[in-house]
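As structure tokens, the structure follows; a few thoughts come after it.
Derivation of every value follows stated rules applied to the coordinates shown; laboratory data play no part. As the structure is a prediction and not an experimental result, all values here were calculated from the model. Cβ atoms come from the backbone with ideal geometry, glycine included; neighbour counts cover every protein chain shown.
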Amino acid sequence: MPHLEERLFAIREAGPRLRRSVKLAFPALLEEDWTVRDGFLTFDLTPFVRRATERLDRLAAALDMVVSSTDVLGGAPVIRGTRIPVHDVAASSATGIPLERILAAYPELDAEKVELAAIYAEAYPPRGRPRRGELPRGSVIIADRRVPRRRKAG
């Protein structure tokens, strides 16, 4: 990579500042100057910090929207005030089902709750193994080499 050293420098410089700021509060992140300089080289990390802070705010809203109780659907995470499983809504959205159809199936929801369900499911995937044959979104098969099973000597 042509600029690997520069990227590593920016990470080394910004990393401790990020850790220190996160301990204080996320809004404090945006008040700091996120410009990193080294001679002729200047990195402005403000757009990254802004996007990260916005995503963390959305995750906090998603966490606030989801509840889990053993009395409701055996403890599966559901959308607060409903019996709608969060992962079902997120899976519907991820498979490309139009928003209008999701809202028709779940009249208690609105577009924001569907978006927050997807954010929650991305941060907290359902437990267990993925179903056989399904690959995570963006996965690429590099090789499809199959090894035959050994037969028992007998």
Next item on the list: Provide the per-residue ³J(HN,Hα) series for region 47-54, in order, calculated from phi with Karplus coefficients 6.51, -1.76, 1.60 and θ = phi - 60°, each as a whole number of Hz, with x at glycine and proline positions.
Entry: x, 4, 5, 4, 5, 4, 5, 4
Notebook entry, point to check: Taking amide H positions as placed 1.01 Å from N in the peptide plane, with prolines and chain starts having none, which residues 5 or more places from VAL66, or on another chain, fall under 5 Å of its amide H?
Noted result: ARG80
Note to self: Can you sort ARG137, ARG58, ARG51 from fewest to most other Cβ atoms within 10 Å of each residue's own Cβ?
What the structure shows: ARG137, ARG51, ARG58
Next item on the list: Work out from phi, with θ = phi - 60° and the Karplus expression 6.51 cos²θ - 1.76 cosθ + 1.60, the ³J(HN,Hα) of each residue of region 73-85, listed in order in whole Hz, and give x for Gly and Pro.
Entry: 6, x, x, 5, x, 10, 6, 3, x, 9, 10, 8, x
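In a shell of Cβ-Cβ distance under 11 Å around VAL72, excluding VAL72 itself, what net charge do Lys and Arg (+1) and Asp and Glu (-1) give? Each step should come with its number before you reach the end.
On the way: positive: ARG80, ARG83; negative: ASP71.
Around VAL72, the surrounding residues sum to +1.
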Checklist line | Whole-Hz ³J(HN,Hα) from phi, Karplus 6.51 cos²θ - 1.76 cosθ + 1.60, for region 93-109, glycine and proline x | finding: 5, 5, 7, x, 5, x, 4, 4, 5, 4, 5, 5, 6, 10, x, 6, 9
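Multiply the residue gap between ASP33 and ALA52 by 0.36 nm, knock off their C-alpha separation, and tell me the result in nm, one decimal place. Intermediate values should be presented prior to the final figure.
Details: separation 19, 0.36 × 19 = 6.84 nm, distance 1.53 nm.
That pair, ASP33 and ALA52, stretches by 5.3 nm at full extension.
Suppose the chain between ALA60 and ASP110 were pulled fully straight at 0.36 nm per residue; how much longer would it get relative to their current alpha carbon spacing? Display every interim value, and only then the final one.
Working: separation 50, 0.36 × 50 = 18.00 nm, distance 1.78 nm.
Residue separation times 0.36 nm, minus the Cα-Cα distance, leaves 16.2 nm.
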Next item on the list: Find out how many positive minus negative residues lie around ARG83, taking Lys and Arg as positive, Asp and Glu as negative, among other residues whose Cβ is under 12 Å from that of ARG83.
Entry: -2
Next item on the list: Just name one of ALA91, THR70, VAL114: the one whose Cα is farthest towards the positive end of the charge dipole of region 66-125 (beta-carbon charges, Lys/Arg +1, Asp/Glu -1).
Entry: THR70
Next item on the list: Rank these for me by crowding, ARG80, ARG151, going from fewest to most other beta carbons within 10 Å.
Entry: ARG151, ARG80
Checklist line | Magnitude of the charge dipole, region 46-91, Cβ model with Lys/Arg +1 and Asp/Glu -1, debye to 20 | finding: 200
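What FRET efficiency comes out for the pair ALA76/VAL140, r = Cβ-Cβ distance, R0 = 35 Å, nearest 0.05? Write out the running numbers ahead of the final one.
Numbers: r = 31 Å, r/R0 = 0.90.
It comes out at approximately 0.65.
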Check: All other residues with a Cβ under 15 Å from the Cβ of VAL114 taken together, and with Lys, Arg as +1 and Asp, Glu as -1, what is their net charge?
Finding: -3
